[in-house]
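The values are calculated or read from the model by the stated rules, or taken from the named source; none is laboratory data. What you see is a predicted model; the values in this text were computed from it and never measured. As a convention, Cβ positions derive from the backbone with ideal geometry for all residues, glycine included, and neighbour counts pool all protein chains shown. Ligands, DNA and RNA are stripped out before the accessible areas are found, and what is left, the full protein with its side chains, is counted by its heavy atoms. Shrake-Rupley method; radii C 1.70, N 1.55, O 1.52, S 1.80 Å.
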Amino acid sequence: MKVGIMGGTFDPLHMGHMLAAESARDTYSLDEVWFMPSHIPPHKHEAGVSSEDRLAMVQEAVQAHESFRTLDWEIARGGVSYTIETVRKLQQEFPQLELYFIIGADMVQFLPKWEGIEELVERLTFIGVGRPGTKLDLAVLPANIAEKVVLADMPQIDISSTMLRERAAEGKSIRYMVPEAVFNYVHRSGLYGVQPRSAD
């Protein structure tokens, strides 16, 4: 079975994440995509809301998709979330899986800095998904990494979690930029400075 891993802070999960996962699934005929929220990402600041809230938003957002799943391993493990540790465990638990790791094209250039990257490229293939204003140049990567990176195009949508947190804090709407389930969760729980209220 071909499984794509969609890692990230998901603070919050937005339509760009969903489009990236669906584009990778469709382009490379993945059987499933597993969304894996990180506990503390190694390359970013700590998340703005709790890991429990981020996990719940992902779970509610993906449950209606027949090929999307949520994996809570990194949050359950705690500490800094290193992909190599999770991939080792995945292949130990599910040795039959053919693994792909889905990342934004803007992150591909940083792959040489990833913890355990030499081992990672032996274990899986990276799918770099195109994002607005980003040109993917595999020539900047060492050959052994570049040969394990494939490309997937996605509809261009200029949304980031940072922008959404700022909009919410300013009292601006984030509806239609996040899945409806995430919008409702944010408003129900009063996240990102939003006043708690019933879903509308």
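Could you list, in sequence order, all residues of the stretch 149-164 that are open to solvent by 50 Å² or more (accessible area, probe 1.4 Å) and modelled with pLDDT of 95 or more? If you could, list the steps in order and put the result at the bottom.
We begin by selecting, within the stretch 149-164, every residue open to solvent by 50 Å² or more (accessible area, probe 1.4 Å); these are 151, 153, 155-156, 158, 162-163.
Passing the criteria: only Met163.
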Check your understanding: Any chance the stretch 169-186 includes a residue that's without any contact (Cβ under 8 Å) to a residue 60 or more places away in the chain, touching a Ser or Thr at 6+ places or on another chain (Cβ under 9 Å) and surrounded by fewer than 15 Cβ atoms within 10 Å (Cβ to Cβ)?
Key -> no
Exercise for review: Please name all residue pairs, on different chains or six or more residues apart, with Cβ atoms under 9 Å, provided the first residue is in the stretch 115-131 and is touching a residue at least 40 places away in the same chain (Cβ under 8 Å) and the second residue is of a type in the set (Val, Ile, Thr) and part of a loop (DSSP other than H, G, I, E, B).
Suggested key: Arg131/Ile157
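Residue by residue, here is whether (1) over 16 Å from the mean Cα position of the chain (by Cα); (2) at pLDDT below 95; (3) over 22 Å from Leu19 (Cα atoms) holds:
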| residue | (1), (2), (3) |
| --- | --- |
| Pro42 | no, yes, yes |
| Ser50 | yes, yes, yes |
| Arg54 | no, no, no |
| Phe68 | no, no, no |
| Ala76 | yes, yes, yes |
| Leu97 | yes, no, yes |
| Ile102 | no, no, no |
| Glu118 | yes, no, yes |
Exercise for review: Could you check, for the stretch 79-94, whether at least one of its residues is over 22 Å from Pro112 (Cβ atoms), small (Gly, Ala, Ser) and at pLDDT below 95?
Suggested key: yes
